[in-house]
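Notes to accompany the following structure.
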Amino acid sequence: MRQGLIACITCELLALAIWIGGLIVLVAAVIPAVFNTFGGQDSGGFFLTRAFDGYNRLVLGAATILILGITWRAWLVQQGKADDEISRTEWLLLGGMLLTAGVITFVLHPQAAALQAQAFASKGDETRKAAFEAFFQMHKPVRVLYIVNVGLGIALLTVRVRSWIFVKE
């Protein structure tokens, strides 16, 4: 049972690392590299849309691992086979992450990608400008939600680490 719990927690930590680290790498390294290398807004934009599609798929996999892990740990506690109760904060943070990721992945990102494709396909300066304005207006909440989701992920990681530290005062 102990080895299974160690494996479970390790998988959860790897899922959080992918969730948090993946977005940090995209924002801090990939986005600047793309726009400094590709030479055009269209090709760079399409590339980044595909990169974020891939990140969103990784997040769905990470979400599955996190759900399975927290559910299994809760079941172990209920069965009396583990002592480490899952806090309400941990449940709420995971729920917030899942909700935010779901809104991004299934609602906002597809809409933004469609607007982006429409903007790139637009002919004429005024039409293209209006299409890009619509895209950037849609993309603002997506960017904010990605940042919120990383913050929630870091908070969840902090809650997990705090549960392992026993300090006598």
- Task: Output the residues belonging to the range 155-167 that are modelled with pLDDT of 95 or more and surrounded by fewer than 15 Cβ atoms within 10 Å (Cβ to Cβ).
- Result: THR158
- Residue that is farther than 30 Å from ILE31 by Cα and hydroxyl-bearing (Ser, Thr, Tyr), where the choices are THR71, THR64, THR105: THR71
- GLY124: under 14 Å from the mean Cα position of the chain (by Cα), surrounded by fewer than 17 Cβ atoms within 10 Å (Cβ to Cβ) and of a type in the set (Gly, Ala, Ser), yes or no? no
- Consider LEU152 carefully, then state whether it is over 21 Å from THR49 (Cα atoms) and buried (at least 17 other Cβ atoms within 10 Å of the Cβ). yes
- Note on the structure: When restricted to PHE120, PHE136, PHE132, the only residue assigned to a helix (DSSP H, G or I), more than 23 Å from ILE18 (Cβ to Cβ) and touching a Ser or Thr at 6+ places or on another chain (Cβ under 9 Å) is PHE132
- Item | Residues located in the range 40-87, provided they are over 14 Å from ILE9 (Cβ atoms), among the small types (Gly, Ala, Ser) and touching a residue at least 60 places away in the same chain (Cβ under 8 Å) | GLY45, SER87
- Task: Answer yes or no as to whether VAL77 is among the β-branched types (Val, Ile, Thr), over 30 Å from PHE47 (Cβ atoms), surrounded by 13 or more Cβ atoms within 10 Å (Cβ to Cβ) and at pLDDT below 95.
- Result: yes
- Item | Close pairs (7 angstrom Cβ cut-off, 6 or more residues apart or separate chains): closer than 13 Å to TRP164 by Cβ and at pLDDT 95 or above in the range 1-18, surrounded by 13 or more Cβ atoms within 10 Å (Cβ to Cβ) and not aliphatic (A, V, I, L, M) anywhere | GLU12/GLY69
- Item | Subset of the range 130-139 [surrounded by 12 or more Cβ atoms within 10 Å (Cβ to Cβ) and free of Cβ contacts under 8 Å to residues at least 24 places away in the same chain] | ALA130, ALA131, PHE132, GLU133, ALA134, PHE135, PHE136
- Message: Checking ILE24 against (1) within 25 Å of THR158 (Cα to Cα); (2) surrounded by 15 or more Cβ atoms within 10 Å (Cβ to Cβ); (3) β-branched (Val, Ile, Thr), only one condition comes out false. Which one?
- Response: (2)
- Item | Which listed residue is under 20 Å from THR49 (Cβ atoms), within 14 Å of the chain's Cα centre (by Cα) and either free of Cβ contacts under 8 Å to residues at least 24 places away in the same chain or not in a helix (DSSP H, G or I) (or both), from ILE147, ILE104 | ILE147
- When residues of the range 44-73 are filtered for being among the aliphatic types (A, V, I, L, M), within 20 Å of SER163 (Cα to Cα) and surrounded by fewer than 16 Cβ atoms within 10 Å (Cβ to Cβ), how many remain? 2
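The values are calculated or read from the model by the stated rules, or taken from the named source; none is laboratory data. The model shown is predicted, which means the values in this text are computed figures rather than measured ones. All Cβ positions, even for glycine, are placed from backbone atoms using ideal geometry, and neighbour counts span all protein chains on display.
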